[in-house]
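Since the structure comes first, as structure tokens, the remarks are kept for the end.
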Amino acid sequence: MRIVIGAVLTGRVAPLGTAASAIAKTAVRGPVAVGPLGLAGDAQADRRVHGGPEKAVHHYALDHAAAWRADLPGLPDLLERPGAFGENFSTVGLTERDVCVGDLWRAGSALLQVSQARQPCFKLNLRFAVPDMARRVQASGRTGWYYRVIEEGIVSAGDALELVGRPHPDWPMSRLLHHLYVDRLDAAALREIAGLAFLTPSWRTLAARRLASGAVEDWRRRLGEEG
């Protein structure tokens, strides 16, 4: 499988309502270095929950723009261009149904591995001025996904994104998201998720915790639904 990277994007920390965020990313012209913590020139406001080796590069499908325009007709300008969701890579032709846990992708000269899906947070509510945007993203399954960096390199818009390995073909992001947010206490699925070798360790722990407790964690704070 080979896809063209439509845009490579980075952002700086800036005020976002009552918070600070680097979610507003803009396209970069020319080559960008990709290191263990992501793209050169990209920033994260709160490194406790954003960025780091397991969330080094965020990828979002521009394929979803039409569905979001239909859902949110008052926001066409923001949704028409790459970067609306704070992504580092924007493409057409690759969605959560096409990408699996642990996939190895050659992006320019860098080698990346799919580590986890995105868990939407309240900053999406502020970004779109839609009070339940994070909940909408979560419920839609149109979350995007993250890569860890296996080999550092250089990437530019127009470069190929080429699949070179698929260790977990039975676990596309869409299936993972279904069991994270919809069918949340399926014991067999949770057992499999906890054993996925190339899934981010914290997600494997989350699955094991649900399996042991028979309960789902509280999402309200992350989604901005408290108070």
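Cβ-Cβ distance below 7 Å, separation of 6 or more or different chains: which pairs start in the range 100-123 with a residue that is under 12 Å from ARG166 (Cα atoms) and of a type in the set (Val, Ile, Thr) and end on one that is in a loop (DSSP other than H, G, I, E, B) and open to solvent by less than 20 Å² (accessible area, probe 1.4 Å)? If the second residue must be in a loop (DSSP other than H, G, I, E, B) and open to solvent by less than 20 Å² (accessible area, probe 1.4 Å), the pairs left are VAL101/TRP171; VAL101/LEU196; VAL101/LEU199; VAL114/VAL99; VAL114/VAL101; VAL114/GLY102; VAL114/ASP103. Of the numbered criteria (1) at pLDDT below 90; (2) open to solvent by less than 50 Å² (accessible area, probe 1.4 Å); (3) farther than 19 Å from VAL114 by Cα, the one GLY51 fails is (3). Condition test on GLY144, is it among the small types (Gly, Ala, Ser) and open to solvent by 20 Å² or more (accessible area, probe 1.4 Å)? When the stated conditions are applied, GLY144 does not pass them.
Counting only residues that are among the polar types (S, T, N, Q) and open to solvent by 20 Å² or more (accessible area, probe 1.4 Å), which one in the range 85-111 is farthest from ARG204 (Cα to Cα)?
If we filter the range 85-111 for residues that are among the polar types (S, T, N, Q), which is where we start, we get 88, 90-91, 95, 109.
So of that shortlist, the ones also open to solvent by 20 Å² or more (accessible area, probe 1.4 Å) come out as 95, 109.
Working: THR95: 22, SER109: 29 Å.
Filtering first and then ranking leaves SER109.
I'd like to check something: does the range 49-67 contain any residue that is in contact (Cβ under 8 Å) with a residue 60 or more places away in the chain, at negative phi, of a type in the set (Gly, Ala, Ser) and in contact with a strand residue (DSSP E or B) (Cβ under 9 Å, 6 or more places away or on another chain)? Within the range 49-67, one or more residues are in contact (Cβ under 8 Å) with a residue 60 or more places away in the chain, at negative phi, of a type in the set (Gly, Ala, Ser) and in contact with a strand residue (DSSP E or B) (Cβ under 9 Å, 6 or more places away or on another chain). For the range 200-221, state whether one or more residues are in contact (Cβ under 8 Å) with a residue 12 or more places away in the chain and closer than 19 Å to MET1 by Cβ. No.
For the range 143-158, give me each residue that is under 11 Å from the mean Cα position of the chain (by Cα) and not in a strand (DSSP E or B). Before you say what the answer is, go through the steps one by one.
Restricting attention to the range 143-158, the residues satisfying the condition of being under 11 Å from the mean Cα position of the chain (by Cα) are 143-147.
If the condition is that a residue be under 11 Å from the mean Cα position of the chain (by Cα) and not in a strand (DSSP E or B), then THR143, GLY144 are the ones that fit.
Here is a yes/no grid of residues against (1) surrounded by 15 or more Cβ atoms within 10 Å (Cβ to Cβ); (2) within 15 Å of GLY102 (Cβ to Cβ):
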| site | (1), (2) |
| --- | --- |
| GLY165 | no, yes |
| PRO172 | yes, yes |
| HIS179 | yes, no |
| GLY195 | no, yes |
| LEU199 | yes, yes |
| THR205 | no, no |
| ARG210 | yes, no |
| SER213 | no, no |
| ARG221 | no, no |
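Candidates in the range 183-193 are the residues that are free of Cβ contacts under 8 Å to residues at least 24 places away in the same chain and assigned to a loop (DSSP other than H, G, I, E, B); of these, the one that is most open to solvent (accessible area, probe 1.4 Å) is ASP183. Here ARG127, ARG148, ARG210 are screened, and the one residue that is farther than 30 Å from ALA14 by Cβ and either touching a strand residue (DSSP E or B) at 6+ places or on another chain (Cβ under 9 Å) or modelled with pLDDT of 95 or more (or both) is ARG210.
Which members of the range 59-84 meet the condition of being open to solvent by less than 10 Å² (accessible area, probe 1.4 Å) and not aliphatic (A, V, I, L, M)? Hits for the range 59-84 are HIS59, TYR60, TRP68, GLY83. Just one of the listed residues (ARG135, ARG97) is at pLDDT 95 or above, under 22 Å from HIS168 (Cβ atoms) and over 11 Å from the mean Cα position of the chain (by Cα), and it is ARG97.
The values are calculated or read from the model by the stated rules, or taken from the named source; none is laboratory data. Because the structure is predicted, anything quoted here is derived from the model rather than measured. Methodologically, a virtual Cβ is constructed for each residue, glycine included, from the backbone with ideal geometry; neighbour enumeration extends over all protein chains shown. Side chains included, ligands, DNA and RNA excluded: accessible areas come from the protein's heavy atoms. Shrake-Rupley method; radii C 1.70, N 1.55, O 1.52, S 1.80 Å.
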